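Reading through the structure tokens given below for one structure.
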Ligand code: 5RP
């Protein structure tokens, strides 16, 4: 089974969590794209979607699914998104696609966060995948110095701007033993918009695609 087939399998499993009449929070990335494609089968039953990126919004509209403004929907019953790394505690690293801030907003506004990954994303400790940090452009050097002082090696994501017009520093070399604490610490650096740790608001359910089927961790 290929990695992409495992991603498709978890997307199929995730749609089972969606009920008719719901507005669905939708993440970003290749696994979320598979979810969007499967969700399209329910487009007559759901009330629309809130997207965590312009790319996902475009894909949703392409399937004829109405994209709603989070300010008009109130809390969402569900958010479905992928991750770059996940632990058995349902702590995540996200933001490989650069959509971490909007992903964090939609996750925070949702009752249930169903995270969909293939088995290559499962780790004992977060940190092998460089931690994305979204930064206001004028603060780039300052934030990089602080992150270096914290033991990381921040690298500017060249030629990339987020949907919010900001830059991303990918922080290498962190072995993250306390993700809840580190998430707060990085968020408190002046100029940081958000970081890719999802530990204060972890996933509620992790669907893991493996060659022998989809495993559910909650
Ligand atoms: C985007 C994300 C994605 O969820 C993460 O990068 C995983 O992507 P993929 O499903 O393509 O492996 O956080 O900002």
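For this structure, a couple of remarks:
- One residue stands out among those in region 51-77 that are surrounded by fewer than 11 Cβ atoms within 10 Å (Cβ to Cβ) and without any contact (Cβ under 8 Å) to a residue 12 or more places away in the chain: the one that is farthest from residue 108 (Cα to Cα), which is 72.
- Any chance residue 24 is buried (at least 23 other Cβ atoms within 10 Å of the Cβ), within 16 Å of the ligand (Cβ to nearest atom) and over 26 Å from residue 161 (Cβ atoms): yes
- Members of region 146-162 found to be without any contact (Cβ under 8 Å) to a residue 24 or more places away in the chain and either at negative phi or assigned to a strand (DSSP E or B) (or both), listed by number: 148, 149, 152, 153, 154, 156, 158, 161
- Given (1) surrounded by fewer than 22 Cβ atoms within 10 Å (Cβ to Cβ); (2) on the phi > 0 side of the Ramachandran plot, number of the condition residue 29 does not satisfy: (1)
- Here residue 88 clears all of (1) more than 21 Å from residue 129 (Cβ to Cβ); (2) more than 16 Å from the ligand (Cβ to nearest atom) except the condition numbered (1).
Rundown of residues vs (1) at pLDDT 95 or above; (2) surrounded by 24 or more Cβ atoms within 10 Å (Cβ to Cβ); (3) away from the ligand (no atom under 12 Å from the Cβ), yes/no style:
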position: 95; (1), (2), (3): yes, yes, no
position: 105; (1), (2), (3): yes, no, yes
position: 113; (1), (2), (3): yes, yes, no
position: 122; (1), (2), (3): yes, no, yes
position: 129; (1), (2), (3): yes, no, no
position: 138; (1), (2), (3): yes, no, yes
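- Meets criteria (modelled with pLDDT of 95 or more and more than 9 Å from the ligand (Cβ to nearest atom)) for residue 45: yes
- Identity of the residue in region 163-214, over 15 Å from the mean Cα position of the chain (by Cα), under 26 Å from residue 109 (Cα atoms) and assigned to a loop (DSSP other than H, G, I, E, B), that ends up farthest from the ligand (Cβ to nearest atom): 190
- Qualifying residue in region 78-87 (condition: in a helix (DSSP H, G or I) and either in contact (Cβ under 8 Å) with a residue 24 or more places away in the chain or surrounded by 22 or more Cβ atoms within 10 Å (Cβ to Cβ) (or both)): no
- Residue in region 50-57 that is under 19 Å from residue 200 (Cα atoms) and within 11 Å of the ligand (Cβ to nearest atom) present: yes
The values are calculated or read from the model by the stated rules, or taken from the named source; none is laboratory data. A quick note: this is a predicted structure, and the numbers were derived from the prediction, not measured. When we count neighbours, we look across all protein chains shown, and the Cβ atoms used for this are built from the backbone with ideal geometry, even at glycine.
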